[in-house]
Amino acid sequence: PDDNPIETTTLSSETIPQIKSIIIGSLGLVPFQTMSEIPNDARWSRVDDKYQEIADGIEVYDLMWIKKAFDGSKVFWKWRVFVDAKTTLPRRVEWYQKSSIDNEYILKSISIIKYLDDRGMQEAIKKESF
């Protein structure tokens, strides 16, 4: 508990479908459901080689954009994805955020994606068969 009062905000009618779409569609791994949702001023860039020590064959990319918060202030978002260059599948996703008064982005969440191999997929299918 802290001394900050809890504040409740009513979501706008346009915000509710956006949030629902993010939760249902991508398991929170990607920031936008369709290419048309990406803001025109968003920047996509490959991160330099400082991540090369993570693993060979992994490429790192950032997508950065600005979104208005409920109170009208600007919120800066950064979505960092670690991609297996051979399969082009994401292996790790990081979400960062900062306000206009912050100097640095703050890491908000990390998702590590693990994929089943062929044998594991077959076993999973057998378990779900009726």
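Our estimate of slack between residue 116 and residue 68, defined as 0.36 nm per intervening residue step minus the Cα-Cα distance, is 13.5 nm.
The candidates 118, 102, 48, arranged from most to least accessible area with a 1.4 Å probe in the full protein assembly, appear as 118, 48, 102.
Summarising the label geometry, the points placed 7 Å from Cα in the beta-carbon direction at residue 123 and residue 75 lie 4.0 nm from one another. Compared with the alpha-carbon gap, the fully stretched path from residue 11 to residue 87 is longer by 23.5 nm at 0.36 nm per residue.
Solvent-accessible area per residue in region 30-130 equals 77 Å², computed with a 1.4 angstrom probe and all protein chains kept. Test of the criteria: in region 69-130, which trypsin sites (Lys or Arg not before Pro) are in a DSSP loop and have at most 15 other Cβ atoms within 10 angstrom of their Cβ? Taking region 69-130 and a limit of 15 other Cβ atoms within 10 Å, the loop trypsin sites (Lys or Arg not before Pro) found are 86, 114. Shape of region 37-129 from the C-alpha gyration tensor: prolate (a/c of 1.5 or more and a/b above b/c, with a ≥ b ≥ c the square roots of its eigenvalues).
The values are calculated or read from the model by the stated rules, or taken from the named source; none is laboratory data. Nothing here was measured: the structure is a model prediction, and the numbers come from that model. Cβ: placed from backbone, ideal geometry, glycine included. Neighbour counts: every protein chain shown. In case anyone asks, the SASA skips ligands and DNA or RNA and just uses the protein heavy atoms, side chains included. Shrake-Rupley method; radii C 1.70, N 1.55, O 1.52, S 1.80 Å.
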